[in-house]
1. If the requirement is being open to solvent by less than 10 Å² (accessible area, probe 1.4 Å) and more than 19 Å from A:Tyr186 (Cβ to Cβ), which of these qualifies: A:Ile299, A:Ile284, A:Ile315?
2. Name every residue in the range A:23-46 that is crowded, with 22+ Cβ neighbours inside 10 Å and either touching a strand residue (DSSP E or B) at 6+ places or on another chain (Cβ under 8 Å) or without any contact (Cβ under 8 Å) to a residue 12 or more places away in the chain (or both), in order of residue number.
3. Which of the numbered conditions does B:Ala88 fail, given that it passes all the others? Conditions: (1) at negative phi; (2) within 15 Å of the ligand (Cβ to nearest atom).
4. Just checking, which of A:Pro53, A:Pro92 is in contact (Cβ under 8 Å) with a residue 40 or more places away in the chain and either open to solvent by 10 Å² or more (accessible area, probe 1.4 Å) or touching a Pro at 6+ places or on another chain (Cβ under 8 Å) (or both)?
5. Among the candidates B:Glu95, B:Glu105, B:Glu117, which residue alone is open to solvent by 30 Å² or more (accessible area, probe 1.4 Å), more than 9 Å from chain A (Cβ to nearest Cβ) and under 21 Å from B:Lys11 (Cβ atoms)?
6. Can you name every residue in the range B:1-26 that is open to solvent by less than 70 Å² (accessible area, probe 1.4 Å), away from the ligand (no atom under 16 Å from the Cβ) and not charged (D, E, K, R)?
7. For the range B:76-87, give me the residue count where each residue is among the aliphatic types (A, V, I, L, M), in contact (Cβ under 8 Å) with a residue 24 or more places away in the chain and open to solvent by 10 Å² or more (accessible area, probe 1.4 Å).
8. Suppose we filter A:Tyr170, A:Tyr161, A:Tyr142 for residues that are assigned by TED's automatic domain parsing to the domain that holds A:Ile335, crowded, with 22+ Cβ neighbours inside 10 Å, hydroxyl-bearing (Ser, Thr, Tyr) and modelled with pLDDT under 95; which single one remains?
Amino acid sequence: MTPKNETLLIPSRPVGIIGYGAYVPRYRLPATEVARIWKGGKGGLPIKEKSVPGLDEDVVTMSIEAARNALARAQIDASDLRAVWVGSESHPYAVKPTSTIVAEAIGAVPSTQAADWEFACKAGTEALVAAMGLVGSEMAEYALAIGMDTAQGRPGDALEYTAGAGGAAYIIGPAEESLAVIEAAYSYVTDTPDFWRRAGAKYPEHGSRFTGEPAYFEHITQAAKALMEASGTTPADYQWAVFHQPNTKFPTRVAKMLGFSKEQIEPGLLVPLIGNTYAGAAIIGLTATLDIARPGDRILVTSFGSGAGSDAFSIRVTDAISERSGRAPKTQEYIARRTEIDYATYVRMRGKITLK
Amino acid sequence: MEIPRHWRLRKQRYGLVGEVCPHCEAKIFPPRDVCPDCGKEAKTKFSFSGQGEVYSYTTIYNAPSGFEANVPYTVALVKLEEGPLVTAQLTDVAEEEVEIGMPVEMVTRRLHQDGDERGLLVYGYKFRPIGFAAH
Ligand SMILES: [Zn+2]
């Protein structure tokens, strides 16, 4: 692929994914439980169930496990990472990086960058693009980018059905060592107030209908179309596609709008079973897709973050996938490892009960 | 406030980093710089695999200060595959599923917070059942 458009993000040194790792906590809250408490059991359900983190889990612990899975696939020493970047909207501290704790736990310290990224649900892909730049400029051989969230919705709000927990970690390195080459990226950003949480507020606010057309659909279609046009590809050139997934309806519809089939998005459409994992959502769809992808497959990934923006990636799987994908647990294995909980247990696990 | 202690212990806590004796190869956890087997100096760092099995266990219903929010939880003596016994909380497991000899693996989790909700978050190793079979 040759750059036909200077708005495409293509590093001077080709880069790719050396290793990847997913994480999903084991607890599941069926959407019927939320409906039972707040709707008298009536009304439509946006997903089947969502993942819920255990009492001792947060973005730090979940990022550590995903990063360890990525390292197991990459088979590099963590001390060779020059960046540990974590994108999330649920960092456990307001001030103190998640990334330093993750870097210390996986053994990447001290010769490394460490920073937390924020851009609602696209904080993870924002870190991914930055990692492409760091490696692509030859400042670093390897960089780790993570998108992970333990999102919260106000009790009874529409978001409570879907606000899930999970995410993925990616080690970016030189293309020739990669299991998937990132051919190009494209970012599309505007100031669109579809969803926000003020500093100090526990739960987010959203612009209801405003979250659809001018936000999610506009940014994803613009980003994906611009990437495909500039790189001379069409949906038929991609075996698989992954879109940000706040519910089941949105990614299904945006895929259709762009000309992708149900089959193309099926492996990466995880929201019905784990909920919306926010900064993790698009990129854990990608780990699940990489788990089943074959050498030569092309994957289109497009994230969406409220506020608002989308990052689109064109990714081509290499021969190395066959050997590396089995070195760590697959995304579907995490999804299958489930313990169902009721609303009361959920309320306790999410810290909605105070002991004083 | 136990910040200096939490900071000093972070490597061994986050990733089960102990020592190996350069004289007799014994693996040592927690690190103590002296080999419990041969008595000689042992300061070489060693990262444990995190694999082990439950040697014995007990379930806590009345937790010490700082751990009240997690009751009931199970604490186990875990025999690491490299030899040492460590005491740790089990996680992602219901009490009735735990049995002696159960294979477990290390995960890094939130242990507690130092003081109240304004305090430092303390992370460290726990163990969970190995395997991805659905429950
Ligand atoms: Zn010795």
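The values are calculated or read from the model by the stated rules, or taken from the named source; none is laboratory data. Every value quoted in this text rests on a predicted model; they were computed, and no experiment measured them. Methodologically, a virtual Cβ is constructed for each residue, glycine included, from the backbone with ideal geometry; neighbour enumeration extends over all protein chains shown. Note: areas computed on protein heavy atoms with side chains; ligands, DNA, RNA excluded. Shrake-Rupley method; radii C 1.70, N 1.55, O 1.52, S 1.80 Å.
1. Just one listed residue meets the conditions, A:Ile284.
2. If the condition is that a residue be crowded, with 22+ Cβ neighbours inside 10 Å and either touching a strand residue (DSSP E or B) at 6+ places or on another chain (Cβ under 8 Å) or without any contact (Cβ under 8 Å) to a residue 12 or more places away in the chain (or both), then A:Tyr23, A:Val24, A:Pro25, A:Arg26, A:Tyr27, A:Arg28, A:Leu29 are the ones that fit.
3. (2)
4. Result: A:Pro53 is the single residue among A:Pro53, A:Pro92 that is in contact (Cβ under 8 Å) with a residue 40 or more places away in the chain and either open to solvent by 10 Å² or more (accessible area, probe 1.4 Å) or touching a Pro at 6+ places or on another chain (Cβ under 8 Å) (or both).
5. B:Glu105
6. The answer is B:His6, B:Leu9, B:Gln12, B:Tyr14, B:Gly15, B:Leu16, B:Val17.
7. Residues meeting the conditions: 1.
8. Step by step, each of A:Tyr170, A:Tyr161, A:Tyr142 is checked, and only A:Tyr161 is assigned by TED's automatic domain parsing to the domain that holds A:Ile335, crowded, with 22+ Cβ neighbours inside 10 Å, hydroxyl-bearing (Ser, Thr, Tyr) and modelled with pLDDT under 95.
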